Amino acid sequence: MQVGAPTIELNDGHRFPELGLGTYGLNGDEGTAAVGAAISSGYRLLDTALNYGNEDAVGRAVREAEVDREDLVVTSKLPGRHHGYDEAHRSIDETLGNLGLDRVDLYLIHWPNPSVGKFVDTWKAFVDLRDSGKVRSIGVSNFTPEHLKAIIDATGVAPAVNQVELHPYFPQAELRKVHAEYGIVTESWSPLAKQSELLTEQPVLDAAAAHGVTPGQVVLRWHVQLGAVPVPKSGDPQRQRENLDVFGFELSDDEVRAISGLERGRLWDGDPDTHEEM
Ligand SMILES: NC(=O)C1=CN([C@@H]2O[C@H](COP(=O)(O)OP(=O)(O)OC[C@H]3O[C@@H](n4cnc5c(N)ncnc54)[C@H](OP(=O)(O)O)[C@@H]3O)[C@@H](O)[C@H]2O)C=CC1
Ligand SMILES: O=C(O)C(=O)[C@@H](O)[C@H](O)C(=O)CO
């Protein structure tokens with residue numbers, strides 16, 4: 001079984017695992033145990049956010065892990081209510097305090113909140129934070145090509161990552177092309193299209209049977225072969241191990257095309273031009 005995920009290089013030169021653990025809903029002692037189990041199984045990328053209310057649980061798992069801190073990539077996200085240059089400098093200190101760590105490895109602007117009009121100022125703060133040592137890599141989440149152009153035109157600095165809703169119902173081909181032009185890594189949130197019927201769709205079942213793997217593994221392998229980094233959430237150690245074990249087989253081009261053919265659009269109301277989270 002593959003132990004850990006291979007890594008890719010971000011546009012800032014840092015290495016980044018090709019698959020990570022989503023932690024939304026993993027809170028308290030149970031959350032710490034679930035994240036700790038994932039680290040023990042080989043996960044090296046952990047995805048949290050100030051708004052998840054679990055940075056304390058995730059940070060405790062990181063501190064207690066029998067894995068060198070340098071080998072772990074901890075992602076957190078700045079909430080919409082902390083947009084602004086000075087506010088962002090305060091927000092990272094709140095996140096670091098919650099985590100109990102002295103560095104966030106990837107810091108993301110959680111949502112652009114365009115009506116607030118401060119995501120460019122926030123990005124300017126992120127560029128300074130990257131030079132402060134508190135943050136290793138900087139990125140964004142839920143940004144459209146227009147939002148990306150605005151922050152790159154203003155600072156000359158492209159995000160290392162844009163974390164967006166991405167799964168076979170919503171493959172985001174056009175956005176992934178824009179990311180490739182800017183050298184931005186695409187990260188997939190809700191990569192399993194949580195609690196939908198995705199894992200029972202015929203192209204997924206057919207590929208699972210052909211490769212002797214589970215439907216979840218087929219979907220996560222699909223992300224990897226698109227060049228996207230999925231962060232599936234699971235609180236179950238067996239499903240965590242299953243989700244990580246997707247680097248020992250390869251889908252055919254026809255299988256990838258058939259799975260991408262399930263496209264039908266966003267599953268939730270997460271259009272970044274209108275959906276805002278504070
Ligand atoms: N930046 C953003 O705006 C957003 C970021 N995110 C991030 O993305 C992460 C993942 O997205 P999320 O919305 O949690 O949903 P996912 O698409 O990762 O699905 C998670 C659900 O699928 C179940 N599951 C996990 N593995 C399997 C499997 N192999 N087979 C069957 N079921 C499985 C989990 O149950 P169980 O735990 O019991 O295994 C859970 O109910 C979040 O945790 C968060 O970190 C999510 C939404 C928005
Ligand atoms: O999970 C996240 O990062 C979010 O932005 C959430 O608010 C998301 O929209 C959600 O509802 C949980 O999946």
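Do you know which of the residues in the stretch 59-76 that are crowded, with 21+ Cβ neighbours inside 10 Å and within 15 Å of the chain's Cα centre (by Cα) is farthest from Asn98 (Cα to Cα)?
Val73
In this structure, is Tyr169 within 14 Å of ligand 1 (Cβ to nearest atom) and surrounded by fewer than 21 Cβ atoms within 10 Å (Cβ to Cβ)? Write out each step before concluding.
On the way: within 14 Å of ligand 1 (Cβ to nearest atom): yes; surrounded by fewer than 21 Cβ atoms within 10 Å (Cβ to Cβ): yes.
Taking the combined requirement at face value, the residue satisfies it.
Residues of the stretch 136-155 being among the basic types (Lys, Arg) and in a strand (DSSP E or B), which ones? It would help to see each step written out before you state the result.
Residues of the stretch 136-155 among the basic types (Lys, Arg): 136, 149.
The answer is Arg136, and nothing else.
Those residues that are more than 16 Å from ligand 2 (Cβ to nearest atom) and under 14 Å from Asn243 (Cα atoms), I need them from the stretch 7-33; list them, please. Don't jump to the end; show me each part of the working.
Filtering the stretch 7-33 for residues more than 16 Å from ligand 2 (Cβ to nearest atom) gives 7-19, 28-30, 32-33.
Correct list: Pro17, Glu18, Leu19.
Name, by its number, the condition in (1) open to solvent by less than 10 Å² (accessible area, probe 1.4 Å); (2) closer than 29 Å to Asp253 by Cβ that does not hold for Glu197.
Answer for Glu197: the failing condition is (1).
Restricting attention to the stretch 80-128, which residues are modelled with pLDDT of 95 or more and of a type in the set (S, T, N, Q)?
Those that are modelled with pLDDT of 95 or more and of a type in the set (S, T, N, Q): Ser91, Thr95, Asn98, Asn113, Thr122.
Take Ser40 and decide whether it is more than 25 Å from Tyr182 (Cα to Cα) and buried (at least 23 other Cβ atoms within 10 Å of the Cβ). Walk me through how you get there before you give the answer.
Details: more than 25 Å from Tyr182 (Cα to Cα): yes; buried (at least 23 other Cβ atoms within 10 Å of the Cβ): no.
No: the conditions fail for Ser40.
I'd like to check something: does the stretch 174-194 contain any residue that is assigned to a helix (DSSP H, G or I) and of a type in the set (Phe, Trp, Tyr)? Step through it out loud before you land on a result.
Filtering the stretch 174-194 down to residues assigned to a helix (DSSP H, G or I) leaves 174-182.
Then keep just the ones that are of a type in the set (Phe, Trp, Tyr); that gives 182.
Checked the stretch 174-194: at least one residue is assigned to a helix (DSSP H, G or I) and of a type in the set (Phe, Trp, Tyr).
Name the helices (runs of 4 or more DSSP H) wholly inside the stretch 195-278 in which the number of residues that are near ligand 1 (Cβ under 10 Å from one of its atoms) and closer than 25 Å to Asn27 by Cβ is 1 or more. Steps first, answer last, please.
Values: elements: 202-211, 215-226, 237-244, 253-260.
Where helices (runs of 4 or more DSSP H) fall fully within the stretch 195-278 and carry at least 1 residues being near ligand 1 (Cβ under 10 Å from one of its atoms) and closer than 25 Å to Asn27 by Cβ, they are 215-226, 237-244.
All but one of (1) surrounded by 23 or more Cβ atoms within 10 Å (Cβ to Cβ); (2) away from ligand 1 (no atom under 15 Å from the Cβ) hold for Leu108; state the number of the condition that does not hold.
(2) is the only condition that Leu108 fails.
In the stretch 115-135, what residues are among the polar types (S, T, N, Q) and within 20 Å of the chain's Cα centre (by Cα)?
First, the residues of the stretch 115-135 that are among the polar types (S, T, N, Q): 115, 122, 132.
Across the stretch 115-135, the qualifying residue is only Thr122.
Quick one: which strands (runs of 3 or more DSSP E) sit completely within the stretch 41-117 and have at least 3 residues that are in contact with a helix residue (DSSP H, G or I) (Cβ under 7 Å, 6 or more places away or on another chain)?
Working: elements: 45-47, 73-78, 104-109.
Correct list: 73-78, 104-109.
Restricting attention to the stretch 8-37, and to residues there that are farther than 28 Å from Ala180 by Cα and not small (Gly, Ala, Ser), which single residue is nearest to ligand 1 (Cβ to nearest atom)? Talk me through it step by step, then tell me what you get.
Filtering the stretch 8-37 down to residues farther than 28 Å from Ala180 by Cα leaves 25-37.
The next check asks that each one be not small (Gly, Ala, Ser); those that pass are 26-27, 29-30, 32, 35.
Working: Leu26: 8, Asn27: 11, Asp29: 16, Glu30: 11, Thr32: 15, Val35: 11 Å.
My answer is Leu26.
Scanning for something in contact with a Phe, Trp or Tyr (Cβ under 7 Å, 6 or more places away or on another chain), open to solvent by less than 20 Å² (accessible area, probe 1.4 Å) and of a type in the set (Phe, Trp, Tyr), does the stretch 121-133 turn up at least one residue?
The answer is yes, given that some residue of the stretch 121-133 is in contact with a Phe, Trp or Tyr (Cβ under 7 Å, 6 or more places away or on another chain), open to solvent by less than 20 Å² (accessible area, probe 1.4 Å) and of a type in the set (Phe, Trp, Tyr).
Identify all residues within the stretch 120-163 that are more than 19 Å from Glu277 (Cα to Cα) and charged (D, E, K, R); write none if there are none.
Hits for the stretch 120-163 are Lys124, Asp128, Arg130, Asp131, Lys134, Arg136, Lys149, Asp153.
With the condition kept exactly as written, say whether any residue in the stretch 143-157 is crowded, with 24+ Cβ neighbours inside 10 Å, within 16 Å of ligand 2 (Cβ to nearest atom), in contact (Cβ under 8 Å) with a residue 60 or more places away in the chain and closer than 23 Å to Lys118 by Cα.
yes
With (1) in contact with a Ser or Thr (Cβ under 7 Å, 6 or more places away or on another chain); (2) of a type in the set (Gly, Ala, Ser); (3) under 21 Å from Glu187 (Cβ atoms) as the list, and Gly139 as the residue in question, which single condition is left unmet?
Gly139 satisfies all of (1) in contact with a Ser or Thr (Cβ under 7 Å, 6 or more places away or on another chain); (2) of a type in the set (Gly, Ala, Ser); (3) under 21 Å from Glu187 (Cβ atoms) except (1).
Out of the residues in the stretch 1-37 that are of a type in the set (Val, Ile, Thr) and assigned to a strand (DSSP E or B), which is most open to solvent (accessible area, probe 1.4 Å)? Walk me through how you get there before you give the answer.
Quick first cut of the stretch 1-37, residues of a type in the set (Val, Ile, Thr) only: 3, 7-8, 23, 32, 35.
Checking which are assigned to a strand (DSSP E or B) leaves us with 7-8.
Values: Thr7: 63, Ile8: 47 Å².
Only one residue tops the list, namely Thr7.
The values are calculated or read from the model by the stated rules, or taken from the named source; none is laboratory data. None of the values given here were measured: they were computed from a predicted structure. As a convention, Cβ positions derive from the backbone with ideal geometry for all residues, glycine included, and neighbour counts pool all protein chains shown. Heavy atoms of the whole protein, side chains included, go into the accessibility calculation; ligands, DNA and RNA do not. Shrake-Rupley method; radii C 1.70, N 1.55, O 1.52, S 1.80 Å.
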